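K.L.:
Okay, here's the structure, questions in a sec.
No lab work stands behind these numbers, since they all come straight from the coordinates. Just so it is clear, the model here is predicted, and its values are computed rather than measured. Note: ideal-geometry Cβ built from the backbone for every residue, glycine included; neighbour counts use all protein chains shown.
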Amino acid sequence: AQSVSQHNHHVILSEAASLELGCNYSYGGTVNLFWYVQYPGQHLQLLLKYFSGDPLVKGIKGFEAEFIKSKFSFNLRKPSVQWSDTAEYFCAVTPPIGNAGNMLTFGGGTRLMVKP
Amino acid sequence: KAGVTQTPRYLIKTRGQQVTLSCSPISGHRSVSWYQQTPGQGLQFLFEYFSETQRNKGNFPGRFSGRQFSNSRSEMNVSTLELGDSALYLCASSPQGGTGELFFGEGSRLTVL
C-alpha cells in the first residue's frame, strides 16, 4: 500500500522568508504527484502536479516542487512567502494506472502560518 | 462556472441513524470522488463513481455506500452511524477519470452524537 509522509505538521514563517515543505512517499512504481492547498474557509484546491518529464514543476502563486525519484520526495518550495499563503498544504500521490488515478493518498498536511 | 456543490453543509445525527449526503459536480464532469477528512486519519479516499458506475473503493466498511445518477450528481450514504463517523465528507469532481486533478467542494460536516 502506498503512503505519504509530511514531516512538518506546523510551520510558522515571517513574510518574505523562504518556504520548503517536505513530502515523502512510499510506492513501488511510477506515481503522479500533487500538492493541494486549503486556504482558511475555502475548499481544497490543486496547487501543482507532476506526471512526468521535467522534475521541477511550477504551480500557481509562485510555488514550485521538485520530484526526486531516488529519494521518493516531492518537496514544495516558494522563495518568498506572503501573509496570504497562510493555509494547510497537502501532498498526495496516485498511481497512474488506468482508472485508479483519482484514488489519491494524502499526507497528513502541513499548516503554514505566515506572520505579517 | 459553478463549483462543486455539497449539501447539507452541516448535520447532526445520533448513533445508529443513517445519513445521505449529496454532491453536484461541476457541469461536464463525469467523475465524482468522495473523501473523509478527520483530525486523526486525515484525508482518506472513500470511493469514486464514473458514468454511474463505482470505479474504485477505499478501505471503508460496507456501511459506507454511494451512487451516481445519469446527470453525474452523486450521493453517499452511511448507515448505522458510529461516533467515529464524525468527519468532514468531501466530494470532488473531475472532467474525466484518472488524472488526480480534482475539484473539491466545501464538504459536509457530519457530527454523530
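K.L.:
Any idea what the relative contact order of chain B is, in percent, if you count C-alpha pairs under 8 Å spaced at least 6 apart?
P.N.:
Computed value for chain B: 37 percent relative contact order.
K.L.:
Take peptide B:74-80, look around each residue's Cβ out to 10 angstrom, count Cβ atoms belonging to other protein chains, and average those counts.
P.N.:
Per-residue shielding by partner chains comes out at 0.
K.L.:
Can I ask one more? When you look at the Cβ of every residue in A:108-114, what mean number of other chain Cβ atoms sits within 10 Å?
P.N.:
1
K.L.:
Calculate, axis by axis, the spread of Cα positions in chain A along the three principal axes, and write the results as whole Å, longest axis first.
P.N.:
If we take the Cα atoms of chain A, the spans are 44, 28, 23 Å.
K.L.:
Can you divide the C-alpha Rg of the range A:1-59 by 2.2 N^0.38 Å and report the result to two decimal places?
P.N.:
1.31
K.L.:
Here's another thing I want to ask about it. Run the Debye formula on the Cα coordinates of chain B, all scatterers equal and no solvent, and tell me log10 I(q)/I(0) at q = 0.16 1/Å.
P.N.:
For the requested q values the scattering log ratios are -0.65.
K.L.:
Sticking with this one: Please provide three numbers in whole Å: the alpha-carbon extents of the protein assembly as shown along the principal axes, with the largest listed first.
P.N.:
Reported extents, whole Å, longest axis first: 49, 38, 36.
K.L.:
What are the extents of the Cα atoms of the range B:1-56 along their three principal axes, listed from largest to smallest and rounded to whole Å?
P.N.:
Computed over the Cα atoms, the extents are 36, 23, 21 Å.
K.L.:
Across the residues of B:100-113, average count of Cβ atoms on other protein chains within 10 Å?
P.N.:
4
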